[in-house]
Amino acid sequence: MSKPRVAIFDFACCEGCQLQVVNLEEELLDVLSVVTPVEWREAMSEQSEEYDIAIIEGSITRPEDEERVKKIRERAKILIALGACATTGGVNKLKNNFGMDEVRTIVYGKDAAMPHLNTMPTKSVAEVVKVDYMVHGCPINNKEFTYIVRCLVMGKQPVIPNYPVCVECKMRGNVCRYEYGEICLGPVTRAGCNAPCPSAGFWCFGCRGYVDDPNVQAAREVMDKYGKTVEDLKSRLLLFGSKQEHTDE
Amino acid sequence: MSIKKLEPAALNRWVDGILQKQKVYGIQARGDKFVFDQLDRADQLRLDYDVSVTAPKAFLQPPCETLLRFGEKGFESVVESEPFVLFGVHPYDMAAILQMDVVFAEGNPDIHYLERRKNATIVVCDVQNASENVFAGCMGTAVLESGGDVLVTRVGSAYVVESRSARGEALMETIATAPVAGARDLGERKAVWEKNRKLLRRHELKVKPEQLPALLEKSYDHPVWEEKAKRCFSCGSCNLVCPTCYCFNVRDTVSYNLKDGERERVWDGCMLAEFALVAGGHNFRKKKAERYRHRYYRKGKYLHDMHKQIACVGCGRCITACVTKIANPVEIYNRLAEGQK
Ligand code: SF4
Ligand code: SF4
Ligand code: SF4
Ligand code: SF4
Ligand code: SF4
């Protein structure tokens, strides 16, 4: 079997997820033993018109990006969304809480009206084109990334958890943040990260996005048990849940 | 079988002696809670603990373990285990381990569990401080007449240490010359047991445990299932902290040569949305209420139908762990019983 050709593209993001891939260090060589990179701005100068797997990092925030990602989709057999910006829109969706003119003025001041600074409400990649696989998280868990790559090369369906972070949190023997009266988004957030935040004594910020059927309503109802309000929960959901399905229903 | 009386300093000397020879996982403080972890010194032991965060089952069925390695030439089973001492297990958790022993030995015996179990010497310790949600007193597991290898009970300022098996006897070899516990000490120990049976009841079960199967038999369509399940996250916390929950999922990972790999098993729980999802996409318990009900049936009826034991030992961990406070077995069973009167 010939090695699949892989191209990595970045859109609106901090490129932290690509950095996670680079951070694989020695394991990156193993990855390169099963795929051939043909375009990767962060690591090589070549560009290519043909690829089997396109990896998209970042959110779609401008009309021209929408066109660009559609072209990539046409050329790719498999398309992977890499990181929260791509899978859900991530922190970039904070912007969607405001009007676009307001956003431009806040960011660019007097240059706000310049045509090249045009912007639109943030979209995840899946809101523009069909996405075959998602690598969740902000940033991604690079072990999960390599697992997905190996599955694709073998033609196997990767298994991405559809249960809450609490599962991995409990497996790590943590005491629940709620026992300390803190709001944690673990019960509605998709696992797969191995719960690093609660394991370090922080609440989960929800960076991997919701599980398929999150019970956000239960979270709202339970706030008063912990001396918190629905508003407290809302402000916690803002970072990764802004304008996401389930957040404000 | 010997019954000794040890002053705290003598108990520590005994434990430090064990530490020289064997790996010991003992109950100790972590922050404001208690966990079983590798013990370096006897004085780390906190036999006055209330409940451990994770049930001691984790040392017999770890959250994640490799079952076998495979490659082009076939596969080989992997059993990762060495002799160890588990020090400070409360009676209710020991009762749970005795249930796991039955489950993993029947049918197709599970070599991974059984090998670890064979390697384990378990020192049970009677409860000194009741945890926030314990109700072992209602489940008949506050005190255990037998089970485990050694039983340690605090009486006054000293400990009564009793061997309960040949392995326990061996562990107590180094205290062979310690004073034998007298009639008065044993009397005091009995008083501790009586007290624990009465006090470990932070929630009062209004039916006898042995009535639960019949009660559940009649409660399949009770409104409580739907009502409570509305607030369920399907997060599995109530399963994962439970000392009698043993469900696992099996998954394969393949290395970069795309041939060699490992099969591992990880904890799973019946409250998770895809627990009962099978090949072809059928989910036996698609609805939250079905999964929610299933857990109570599993604890109070299904396992009893098979092994004549109620699969809840009253440790109370699920009550603490459930963020939305809907996982309390006593609350639910009492509610079902109410309607019966
Ligand atoms: S998901 Fe997070 S780390 Fe990754 S690119 Fe976006 S902001 Fe950066
Ligand atoms: S700390 Fe957060 S992730 Fe962990 S069990 Fe509690 S709610 Fe779930
Ligand atoms: S625990 Fe939550 S915030 Fe932390 S990495 Fe996992 S999903 Fe993201
Ligand atoms: S059901 Fe709850 S109280 Fe009963 S043994 Fe399990 S965790 Fe403990
Ligand atoms: S009953 Fe509570 S702990 Fe159990 S799955 Fe539901 S929300 Fe999680």
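The values are calculated or read from the model by the stated rules, or taken from the named source; none is laboratory data. Everything quoted here is computed from the prediction, not taken from an experiment. No Cβ is skipped: glycine too gets one built from the backbone with ideal geometry, and neighbour counts run over all protein chains shown.
One line per residue, one yes/no per condition, for (1) surrounded by fewer than 17 Cβ atoms within 10 Å (Cβ to Cβ); (2) of a type in the set (S, T, N, Q); (3) away from chain A (no Cβ under 14 Å):
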position	(1), (2), (3)
B:SER52	no, yes, no
B:GLN61	no, yes, no
B:GLU65	no, no, no
B:GLY71	yes, no, yes
B:GLY74	yes, no, yes
B:VAL79	yes, no, yes
B:PHE84	no, no, yes
B:TYR92	no, no, yes
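The residues on offer are B:SER219, B:SER234, and the sole one that is assigned to a loop (DSSP other than H, G, I, E, B), more than 24 Å from B:VAL35 (Cβ to Cβ) and within 14 Å of chain A (Cβ to nearest Cβ) is B:SER234. Does segment B:164-182 include one or more residues that are closer than 30 Å to B:LYS308 by Cβ and touching a Pro at 6+ places or on another chain (Cβ under 9 Å)? Looking through segment B:164-182, none of the residues is closer than 30 Å to B:LYS308 by Cβ and touching a Pro at 6+ places or on another chain (Cβ under 9 Å).
When A:GLU249, A:GLU231 are checked against the criterion of being surrounded by fewer than 21 Cβ atoms within 10 Å (Cβ to Cβ), more than 8 Å from chain B (Cβ to nearest Cβ) and at pLDDT 95 or above, A:GLU231 stands alone in meeting it. When B:SER237 is tested against (1) in contact with a Cys (Cβ under 7 Å, 6 or more places away or on another chain); (2) not assigned by TED's automatic domain parsing to the domain that holds B:GLN309, only condition (2) is not met.
Of the residues contained in segment B:148-155, none is found to be within 16 Å of ligand 4 (Cβ to nearest atom) and either assigned to a strand (DSSP E or B) or modelled with pLDDT of 95 or more (or both). Of all the criteria given as (1) over 21 Å from the mean Cα position of the chain (by Cα); (2) more than 10 Å from every other protein chain (Cβ to nearest Cβ); (3) within 16 Å of ligand 5 (Cβ to nearest atom), the one not satisfied by A:VAL222 is (2).
Would you please list the contacts, defined by Cβ atoms under 7 Å and residues six or more apart or on different chains, that run from a residue in segment B:169-181 that is touching a residue at least 60 places away in the same chain (Cβ under 8 Å) and not assigned by TED's automatic domain parsing to the domain that holds B:PHE87 to a residue that is surrounded by 18 or more Cβ atoms within 10 Å (Cβ to Cβ) and of a type in the set (Asp, Glu)? Within 7 Å, no pair qualifies.
In this entry, A:ASN92 is excluded by the filter for residues that are under 30 Å from A:THR189 (Cβ atoms) and either more than 16 Å from the chain's Cα centre (by Cα) or within 16 Å of ligand 4 (Cβ to nearest atom) (or both). The listed residues are B:LYS259, B:LYS286, B:LYS299, and the only one of them that is within 12 Å of chain A (Cβ to nearest Cβ) and within 16 Å of ligand 5 (Cβ to nearest atom) turns out to be B:LYS286. Does segment A:27-38 include one or more residues that are hydrophobic (A, V, I, L, M, F, W, C) and away from chain B (no Cβ under 14 Å)? Among the residues of segment A:27-38, at least one is hydrophobic (A, V, I, L, M, F, W, C) and away from chain B (no Cβ under 14 Å), which makes the answer yes.
Screening the candidates A:ASN194, A:ASN141 for the property of being closer than 30 Å to A:LYS70 by Cβ and surrounded by fewer than 21 Cβ atoms within 10 Å (Cβ to Cβ) yields one hit, A:ASN141. Residues of segment A:171-181 that are without any contact (Cβ under 8 Å) to a residue 40 or more places away in the chain and more than 6 Å from ligand 2 (Cβ to nearest atom): A:MET171, A:ARG172, A:GLY173, A:VAL175, A:GLU179, A:TYR180. Are any residues in segment A:152-191 part of a helix (DSSP H, G or I), more than 8 Å from every other protein chain (Cβ to nearest Cβ) and surrounded by fewer than 17 Cβ atoms within 10 Å (Cβ to Cβ), and if so, which ones? The answer is A:TYR180, and nothing else.
The numbered conditions (1) in contact with a His (Cβ under 6 Å, 6 or more places away or on another chain); (2) facing chain A (nearest Cβ under 8 Å) are all true for B:THR253 except (1).
Of B:ALA311, B:ALA321, all but one fail to be within 14 Å of another protein chain (Cβ to nearest Cβ), hydrophobic (A, V, I, L, M, F, W, C), touching a helix residue (DSSP H, G or I) at 6+ places or on another chain (Cβ under 8 Å) and crowded, with 20+ Cβ neighbours inside 10 Å; the exception is B:ALA321. Would you point out the residue of segment B:271-289, among those that are without any contact (Cβ under 8 Å) to a residue 12 or more places away in the chain and surrounded by 15 or more Cβ atoms within 10 Å (Cβ to Cβ), that is nearest to ligand 1 (Cβ to nearest atom)? Result: B:GLU274.
Here the helices (runs of 4 or more DSSP H) wholly within segment A:28-109 that include at least 1 residues being surrounded by fewer than 20 Cβ atoms within 10 Å (Cβ to Cβ) and of a type in the set (Asp, Glu) are A:63-75, A:100-108.
Scanning segment B:318-341 for residues that are within 16 Å of ligand 2 (Cβ to nearest atom) and in contact with a Leu (Cβ under 9 Å, 6 or more places away or on another chain) returns a single hit, B:ALA321.
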